[in-house]
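Encoded as structure tokens, the structure appears first; notes follow it.
Each reported figure results from applying straightforward, stated rules to the coordinates on display, with no laboratory input. Predicted model only: the values in this text are computed from it and were never measured. Reconstructed Cβ throughout: ideal geometry from the backbone, glycine too, with neighbour counts over all protein chains shown.
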Amino acid sequence: MPIHSFVPAPQAFTPYKDLKTLVENRSVYSLTHCELNVFETHQQSEKVRLCFNSLTFTSMLQGKKVMHLFGDKHFDYFPGESVIVPESEEMIIDFPEASLENPTQCIALAIDKEKIKEILEILNERFTKIENGEYWQIAPEQFHLQNTLELTGTINRLIRISKEDNQAKDIFANMALQELLIRLMQTQAREVIFSNYHKYTTSHRFAYVVEYIQNHLTDNLSVKQLSDLACMSEPHFYRSFKRELGIAPMEYVLQEKIKLAKKLLTDTSKSITDVCFQSGFNSLNHFCSIFKKMEQMSPKQYQDKIKKPFI
């Protein structure tokens, strides 16, 4: 099972005596513009069918599913991942590992299509995308996502609001729902631009910038340098990059430098100092500080973990 960092908080399971079924037992929390469903499964099952009348955002909290979507598409579905299911699309789900001791838990948030339309219209009117002909939209082809920290935080907030006994919870839920849709589209855009930038370097300036970053990770990059590559002013580039991709340009650069450092650290003969400079940092203290902030451990601890994986 893959390990993902950004897993929404698991919810309390229904007491056994209160379960209506051991397969996809459902708890429902209805709001004005969405309906939160918490599903839990306590025994192995196959070909469980589920369908919603509106676009549905799902996210795994615990356990493992095998999802069958769009006819012949099937894939393992783990905590730290989310799946977008179009309206009226039937999900067929297998639970190969579920048991009373190891239950599966997942949320499904069915969202009112008029609310989605309203939010997209506001975004496209007020926050135009940088490339002509591009619009804010939920991309159906990017349906299986790795959660980001921001997306996970918004999922947790929506779950908490949905369960509150609060007269104003529809107001709070509406704000959280808007944030969720924006975070969702940013996550999709990051998947396209960061993972497949080479396909779009001639048609999308952010993809061109990302390619440059990947080819110059060990350089001392700056926002000014990157904004010049995008043919944009520094403030406009910074705002647009963060708004469309959900991450600041230099935050992305640091993220990629740390990713390179982790790869270099797998060669346990390399010193931490060598890795620091080979991954584009000019200061060992700065490198260790950033690494620990992002990975919750020092570079030395990370390398020791690789040396002794079973301890």
* Note the angle between two axes, namely the Cα long axis of helix 234-245 and the longest principal axis of the Cα atoms of the chain, as a number of degrees from 0 to 90, rounded to the nearest 10. => 30 degrees
* Asked: What 222 nm value per residue comes from the helices of the chain, counting each DSSP H run with n ≥ 4 as -39,500 (n - 2.57) and dividing by all residues, nearest 500 deg cm²/dmol?
  -> -13500 deg cm²/dmol
* To do: Can you tell me the 0 to 90 degree angle between the C-alpha axis of helix 284-295 and the longest principal axis of the chain, rounded to 10?
  => 10 degrees
* **Above-threshold pairs, the threshold being 18 Å between Cα atoms, out of Lys259/Lys300; Lys47/Lys73; Lys262/Lys307; Lys270/Lys305; Lys64/Lys262** => Lys64/Lys262
* Asked: Efficiency by 1/(1 + (r/R0)^6): what FRET value for Thr273 and Asp76, r their Cβ-Cβ distance, R0 = 41 Å, to the nearest 0.05?
  -> 0.55
* Gain in span if fully extended, Asn166 to Asn132, counting 0.36 nm per residue against the direct Cα distance -> 7.9 nm
* Hey, in the GNM for the chain with a 10 angstrom Cα cutoff, which one of Lys65, Lys129, Lys263 fluctuates hardest? -> Lys263
* Asked: So if we plug the beta-carbon distance of Lys259 and Lys17 into 1/(1 + (r/R0)^6) with R0 = 45 Å, what FRET efficiency do we get, rounded to 0.05?
  -> 0.40
* Structure fact -> Ranked output for segments 14-25, 50-61 by mean other Cβ atoms within 10 Å, highest leading, reads 50-61, 14-25
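When only Cα pairs under 8 Å and 6 or more residues apart are kept, what is the percent relative contact order across the stretch 168-311?
Value for the stretch 168-311: 17 percent.
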* **Degrees between helix 169-195 axis and first principal axis of the chain (Cα, 0 to 90, nearest 10)** => 50 degrees
* To do: May I ask you to compute the full-extension gain from Ile306 to Ile122, defined as 0.36 nm times their residue separation minus their alpha-carbon distance, rounded to one decimal in nm?
  => 61.5 nm
